[in-house]
Each structure stands twice: as structure tokens, then as C-alpha cells.
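Here the structure is laid out as C-alpha cells; the discussion comes afterwards.
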Amino acid sequence: MKELIVYFCDNTVSIIYNTRVISQKSDSIYQGLVVDRIKFIESFMQILKKEKIKTKLFGDKIYIVKDAYFNQRDQFYLENIFLELGFVQVLFLDIHKLFDANYTYIGIFQDYIVFYLDKPVFLELYYFKDIPKLLSYFKEYFASYIVLFGSNKNIPYINDLSFNIYYIDNYEDYIVKSLLKVKKYGV
């Protein structure tokens, strides 16, 4: 079997397998974390079956993109879920490996924002509606260029004259497209 890469974002799981991306929304995922183990396992197995992804009981490994805000408890939880699903080895791929070190990356999603700084900052957008103002609070920690990505539709409209803000053309699927390249050249 070819290896799988799994990425969680908003309420969606994306599976990168054999040069394709399979994304599915699930109410078992919230803000990029699995919140309902049983529902997630059921939906993940349905995806594997529907997409005809065969897994062997022994020898399979799976890569999970470890977002900057995942703590050890989150990793342990995910590792146990995928071990329960029959994967023999669960490896974590640090999201920072997908970023250029000379830039500050900021993920702006449907209802949360992640600042990928030396120490990550995770904030719910429920409390912080004015994203440009929020960005200005952190500007002293940014590199000279800020790169925005994520699923939030407002990303192209976010700007500030006091510092350089860029967004990636394919900002909504930047991570999964990067993972296709990682998969192509080996994890």
C-alpha cells in the first residue's frame, strides 16, 4: 500500500494518497481537531472504502500533518485513533516543514486563526472580528513578509499599509498542494 498523509483543517479531513487529494467535511472535526472519535473512525473508514484505498493490517504507515497548535495530548489522541484503525506506524509531519523560514505564515480559517511564530498563537475569530487590527497586534513578531493562507474567503481582502502582507494564489488549498509535492518527492 502507498502511504497516506492526513491533514485536518476546520471541519474537514484531507487525505493525500497516490497523487490525489480526497477532502471530506465531518461534524466529528472542529477547528482542525477530532472531537468525536467514534464518528471520525466511521467516516474515515467510509472514505477509505469509497475511494478503494486498501490497507493491510501490518506494515502500513500513515502521516498526520501536525499543526503548530497540536499539543502532546492531541498527538496521542490522533495516534491512538489511527492505531485503532489498523495502521502499524503513525508518524507526524510538522507543518513548519511546508513553510519557507524567511516568512511569517498566518493561517486564517473559518472560525480561527493561527500565527506560526516561534511559539504558535491560536485564536478563535469569534472574539476577534477585525483581522487587520489583530495582525497589527503581532507585527513586532513578524518577519519582513507575512504570508496568509487558509479557508477564510476574506484572505484576499486583508491588507495593512504598515507591513507587507501577501496571500498565496491557491490560499485555500496551499497545505494540501504542498503535501502533494512532499508525497511526490518522499516524506
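The values are calculated or read from the model by the stated rules, or taken from the named source; none is laboratory data. Owing to the predicted nature of the structure, the values given are computational and were not obtained by experimental measurement. Counting neighbours? That spans all protein chains shown, and the Cβs are built from the backbone with ideal geometry, glycine included. Each accessible area value is taken on the protein alone, full model and side chains, heavy atoms only, with ligands, DNA and RNA left out. Shrake-Rupley method; radii C 1.70, N 1.55, O 1.52, S 1.80 Å.
Just the residues that are open to solvent by 70 Å² or more (accessible area, probe 1.4 Å) and either among the small types (G, A, S) or touching an Asp or Glu at 6+ places or on another chain (Cβ under 9 Å) (or both), please, taken from the stretch 146-161.
If the condition is that a residue be open to solvent by 70 Å² or more (accessible area, probe 1.4 Å) and either among the small types (G, A, S) or touching an Asp or Glu at 6+ places or on another chain (Cβ under 9 Å) (or both), then K153 is the only one that fits.
What is the residue count in the stretch 6-36 for residues that are open to solvent by 30 Å² or more (accessible area, probe 1.4 Å) and either touching a His at 6+ places or on another chain (Cβ under 8 Å) or among the aliphatic types (A, V, I, L, M) (or both)?
Adding up the residues that qualify gives 3.
Being of a type in the set (A, V, I, L, M, F, W, C) and open to solvent by 40 Å² or more (accessible area, probe 1.4 Å) is the filter; apply it to the stretch 122-136 and report the residue that is farthest from L33 (Cα to Cα).
F128
Given (1) surrounded by 18 or more Cβ atoms within 10 Å (Cβ to Cβ); (2) more than 23 Å from I16 (Cβ to Cβ), where does K139 come up short, assuming only one miss?
Here K139 meets the rest and fails (1).
On the basis of being closer than 29 Å to E3 by Cα and either in a loop (DSSP other than H, G, I, E, B) or open to solvent by 40 Å² or more (accessible area, probe 1.4 Å) (or both), does L179 make the cut?
Criteria not met by L179.
Looking at the stretch 1-19, which of its residues are in a strand (DSSP E or B) and of a type outside the set (S, T, Y)?
If the condition is that a residue be in a strand (DSSP E or B) and of a type outside the set (S, T, Y), then L4, I5, V6, F8, C9, V13, I15, I16 are the ones that fit.
Which of the numbered conditions does A68 fail, given that it passes all the others? Conditions: (1) open to solvent by less than 60 Å² (accessible area, probe 1.4 Å); (2) closer than 16 Å to V6 by Cβ; (3) of a type in the set (A, V, I, L, M).
Just one mismatch for A68, condition (2).
Can you tell me which residues in the stretch 130-185 are free of Cβ contacts under 8 Å to residues at least 24 places away in the same chain and acidic (D, E)?
D130, E140, D169, E172 - these are the residues of the stretch 130-185 that are free of Cβ contacts under 8 Å to residues at least 24 places away in the same chain and acidic (D, E).
Search the stretch 162-175 for residues being among the aromatic types (F, W, Y) and open to solvent by 60 Å² or more (accessible area, probe 1.4 Å), and hand back the single one that is nearest to R20 (Cα to Cα).
Across the stretch 162-175, the extreme among qualifying residues is Y167.
Select from the stretch 106-121 the residues that are open to solvent by 20 Å² or more (accessible area, probe 1.4 Å) and either within 16 Å of K153 (Cα to Cα) or within 13 Å of the chain's Cα centre (by Cα) (or both) and list them in ascending order.
Q110, D111
Of the residues that make up the stretch 94-101, is at least one small (G, A, S) and touching a residue at least 24 places away in the same chain (Cβ under 8 Å)?
no
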